[in-house]
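Trainee: Before I ask anything, let me first share the structure, which is written out below as C-alpha cells.
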Amino acid sequence: MKSRSRIPIASLRKPLSALSLIAAALLSGSVLAKTQVIHAGELLSVPGEKPLAKQTLVIKDGKVVEIKKGFVDAKRVDKNAEFIDLSDSFVMPGLMDMHVHLQGELGPNNDSESLRMSKPLMQMRSQMFAMKIMEAGFTTVRDVGSSPQEMYGLRDAINKGWVDGPRIIAAGGVGITGGHNDVSGVSPELMEFHDHSNKTVCNGPFDCRRAARHTIKYGADLIKITSTGGVLTDRATGTGQQMEMDELKEVVLAAKRMGRKVASHAHQEDGIIAALEAGVASIEHGTYASEKAHKLFKETGAYLVPTLLAGETVLQMAKNTNVLSESQKAKAIKVGTDMKGNFAKAVKAGVKIAFGTDSGVSKHGINAQEAVLMHNAGMSAMNVIKSATVNAADLIDMTDSLGTLEPGKYADIIATNGSPLKNIEELLDVDFVMKGGKVIKQ
C-alpha cells in the first residue's frame with residue numbers, strides 16, 4: 001500500500017500568513033482608506049473669512065482632503081463613502097478651550113470628594129468630564145492644572161484611541177511655597193504631607209529652574225506658573241505678584257530650552273507685566289491688565305486667555321452660596337465684578353485673545369457660555385469664534401493641523417442649527433461633533 005503524500009505544514013503557513021496580513025491591513029484601514037462626504041448648508045472653513053453656502057467636505061482617514069462647491073453626490077466621490085447630511089446646518093471647525101481643569105468641578109463637596117476618591121476613580125471621572133466638554137463642541141483642550149500623571153495618562157489614552165475624549169494639551173504646574181499653585185485650606189498635617197511629595201513647588205531662581213525641568217521630564221506639554229495670587233487660594237494673600245522676576249525668568253528659559261511654552265495665571269497688573277517681561281506665551285485671566293500691559297502683550301505676541309466664565313461663576317457663588325470660604329468670597333466678588341470691563345479694554349486695545357473658560361471652576365460642558373460673555377463684553381461673534389479656533393491653534397503650535405477646515409487638517413467639525421455669527425448663543429447647543437473623522441455626536 002502506497003503511502004499518501006503529505007504537504008509540508010510550513011508550506012501551508014505562508015499563504016495563510018499573507019492572507020492574514022491583507023485582512024489585518026483592510027481592517028486597520030491602511031489599504032482601503034475610509035472616505036466621508038459632508039454636505040454643509042453653510043460652511044465657515046476659515047474663521048475670519050466669509051462663510052460659504054452649499055459646500056461639500058471630503059474627508060479621508062480623519063483629515064479634510066477637499067472642499068467642493070455645491071452638494072456633490074457622495075457616490076461620485078467614492079462609491080463606499082459614508083454620507084453625512086448637514087445641508088440644513090452651519091458647519092465650522094471644532095472649538096478649542098485653552099484653560100480647563102478636567103479632574104474636578106467646584107462645588108460644596110469638592111474637598112471631601114478629593115479625599116475620598118481613589119486616583120483610578122478620579123481618572124474615570126476626568127474622562128467623563130472630558131466627554132461632556134467634547135460633546136459641547138470642544139474637540140481640543142489645554143488642561144492647565146490637574147494631578148499631572150493622571151492627566152498625562154488620559155491624554156495618552158485618548159491619543160492612542162483607547163478612550164474617547166478631546167485632544168488634550170496637558171500642563172505641569174510650577175509655583176512657589178504658599179502661592180496659588182501650592183496646597184491650601186487643609187490641616188497643617190496634610191499640607192506637610194503634600195510638601196514632602198511635591199517636587200514642583202520651588203523657591204528662588206535655581207530651584208524654580210529645577211522644578212521646570214522636573215515637570216517637563218515627567219510629561220508636561222507646557223508649564224503653568226502662577227505669577228500672582230488667586231481667588232480660590234484659601235488664604236487671604238491677595239491677587240498681586242507672588243513669584244519674583246528671577247524665578248519667572250528661570251522657568252521660562254528652562255522651558256524654552258526644552259521646547260515648551262509657559263502659561264501664567266495672573267490677575268493684578270504687576271504680576272501680568274512681570275510674566276510678560278519674562279517671556280510667557282499666555283496670560284490666564286489677566287483681570288487687571290492696563291495700557292502698559294496691553295502694550296507688552298502686543299510687543300511679545302503673548303495671548304490673553306480671559307476666563308470670564310470663571311469670574312462670573314465665583315461671583316455668583318460668593319453672593320449666593322456657602323461654597324467659598326470668607327477669604328475666597330472677598331476675592332471672588334472683587335475679581336468677578338471687574339473681569340468683563342477690563343476684558344473689553346483689552347479687546348479694544350488689540351490684544352490677541354485665545355478662548356478659555358477655567359472649566360472645572362464652572363461646570364464642564366457649559367464652556368460655550370464663555371463665548372456669550374465675550375460677545376456681551378464687546379467682542380464680535382467672528383472674533384469670538386476665531387479665538388476658539390485659529391488663535392487657539394496658534395497658541396498650542398498646531399496651526400498646521402487644527403483651527404480651520406482646509407485640506408491636510410484634522411476633520412474636527414461641529415455644526416449648529418443656525419449661524420453663531422448671527423446669534424452667538426447657537427454655540428450653546430451644538431448638534432453635531434466630529435473629531436478626527438469620528439462622529440461623536442449626531
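Trainee: Identify all residues within segment 307-343 that are closer than 15 Å to Glu370 by Cα and among the charged types (D, E, K, R); write none if there are none.
Mentor: Scanning segment 307-343 gives Glu312, Lys340.
Trainee: Give segment 353-362 a look and list any residue that's touching a Ser or Thr at 6+ places or on another chain (Cβ under 8 Å) and assigned to a loop (DSSP other than H, G, I, E, B), or say none.
Mentor: So the first thing to find is which residues in segment 353-362 are touching a Ser or Thr at 6+ places or on another chain (Cβ under 8 Å), and the list is 353-358, 361-362.
Passing the criteria: Ala354, Phe355, Gly356, Thr357, Asp358, Val361.
Trainee: Taking the conditions exactly as written (basic (Lys, Arg) and modelled with pLDDT of 95 or more), does Lys329 satisfy them or not? Give the derivation first.
Mentor: Working: basic (Lys, Arg): yes; modelled with pLDDT of 95 or more: no.
No, not satisfied.
Trainee: Now a separate question. Within segment 405-422, is even one residue of a type in the set (A, V, I, L, M, F, W, C), touching a strand residue (DSSP E or B) at 6+ places or on another chain (Cβ under 9 Å), outside the structural domain of Gly301 (by TED's automatic domain parsing) and surrounded by fewer than 20 Cβ atoms within 10 Å (Cβ to Cβ)?
Mentor: Within segment 405-422 (the criterion being of a type in the set (A, V, I, L, M, F, W, C), touching a strand residue (DSSP E or B) at 6+ places or on another chain (Cβ under 9 Å), outside the structural domain of Gly301 (by TED's automatic domain parsing) and surrounded by fewer than 20 Cβ atoms within 10 Å (Cβ to Cβ)), the answer is yes, since at least one residue qualifies.
Trainee: In addition: State whether one or more residues within segment 410-425 are touching a Lys or Arg at 6+ places or on another chain (Cβ under 8 Å), in a loop (DSSP other than H, G, I, E, B) and in contact (Cβ under 8 Å) with a residue 12 or more places away in the chain.
Mentor: yes
Trainee: Which one of Asp221, Asp182 is surrounded by 15 or more Cβ atoms within 10 Å (Cβ to Cβ), charged (D, E, K, R), closer than 22 Å to Ile283 by Cα and at pLDDT 95 or above? Working first, answer last.
Mentor: Working: Asp182 fails: at pLDDT 95 or above.
Being surrounded by 15 or more Cβ atoms within 10 Å (Cβ to Cβ), charged (D, E, K, R), closer than 22 Å to Ile283 by Cα and at pLDDT 95 or above holds for just one of Asp221, Asp182, which is Asp221.
Residue by residue, here is whether (1) modelled with pLDDT of 60 or more; (2) touching a Ser or Thr at 6+ places or on another chain (Cβ under 9 Å) holds:
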position: Ser187; (1), (2): no, no
position: Phe193; (1), (2): no, no
position: Asn198; (1), (2): yes, no
position: Asn203; (1), (2): yes, yes
position: Ala212; (1), (2): yes, yes
position: Thr215; (1), (2): yes, yes
position: Thr226; (1), (2): yes, yes
position: Gly238; (1), (2): no, yes
position: Met245; (1), (2): yes, no
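Trainee: From (1) closer than 17 Å to Arg167 by Cα; (2) touching a helix residue (DSSP H, G or I) at 6+ places or on another chain (Cβ under 9 Å); (3) in contact (Cβ under 8 Å) with a residue 24 or more places away in the chain, pick out the condition that doesn't hold for Ser401.
Mentor: Single failed check for Ser401: (3).
Trainee: Can you tell which of Met339, Met382, Met317 is surrounded by fewer than 24 Cβ atoms within 10 Å (Cβ to Cβ) and touching a Pro at 6+ places or on another chain (Cβ under 8 Å)? Break it down into steps so the answer makes sense when it comes.
Mentor: Working: Met339 fails: surrounded by fewer than 24 Cβ atoms within 10 Å (Cβ to Cβ); Met317 fails: touching a Pro at 6+ places or on another chain (Cβ under 8 Å).
Matching residue, one of Met339, Met382, Met317: Met382.
Trainee: Which of the strands (runs of 3 or more DSSP E) contained wholly in segment 261-352 include at least 2 residues that are closer than 16 Å to Gln241 by Cα? Step through it out loud before you land on a result.
Mentor: Values: elements: 262-266, 282-285, 303-305.
Filter on segment 261-352 gives 262-266, 282-285.
Trainee: Here's another thing I want to ask about it. Where in segment 73-154 are there helices (runs of 4 or more DSSP H), lying fully within it, with 2 or more residues that are modelled with pLDDT of 95 or more and surrounded by fewer than 22 Cβ atoms within 10 Å (Cβ to Cβ)? Let's see the steps before the verdict.
Mentor: Details: elements: 74-77, 110-116, 119-135.
Hits in segment 73-154: 74-77, 119-135.
Trainee: Go through segment 141-156 and give me each residue that's touching a helix residue (DSSP H, G or I) at 6+ places or on another chain (Cβ under 8 Å) and among the small types (Gly, Ala, Ser).
Mentor: Ser146, Ser147, Gly153
Trainee: Now for a separate question. Tell me yes or no: at least one residue of segment 372-380 is small (Gly, Ala, Ser) and either under 20 Å from the mean Cα position of the chain (by Cα) or in a helix (DSSP H, G or I) (or both).
Mentor: Initially, segment 372-380 is screened for residues small (Gly, Ala, Ser), giving 377-378, 380.
Now narrow it down to the ones that are either under 20 Å from the mean Cα position of the chain (by Cα) or in a helix (DSSP H, G or I) (or both): none.
Within segment 372-380, none of the residues are small (Gly, Ala, Ser) and either under 20 Å from the mean Cα position of the chain (by Cα) or in a helix (DSSP H, G or I) (or both).
Residues are listed down the side, and each one gets a yes or a no for (1) in contact with a strand residue (DSSP E or B) (Cβ under 8 Å, 6 or more places away or on another chain); (2) more than 16 Å from His99 (Cα to Cα); (3) not assigned by TED's automatic domain parsing to the domain that holds Leu308:
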| position | (1), (2), (3) |
| --- | --- |
| Asn322 | no, yes, no |
| Lys331 | no, yes, no |
| Lys340 | no, yes, no |
| Lys345 | no, yes, no |
| Gly350 | no, yes, no |
| Ala354 | yes, no, no |
| Asp358 | yes, no, no |
| Asn367 | yes, no, no |
| Met379 | yes, yes, no |
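The values are calculated or read from the model by the stated rules, or taken from the named source; none is laboratory data. The shown structure was predicted, so the numbers you read here are calculated from the model rather than taken from an experiment. Positions of Cβ are backbone-derived with ideal geometry, glycine not excepted, and every protein chain shown enters the neighbour counts.
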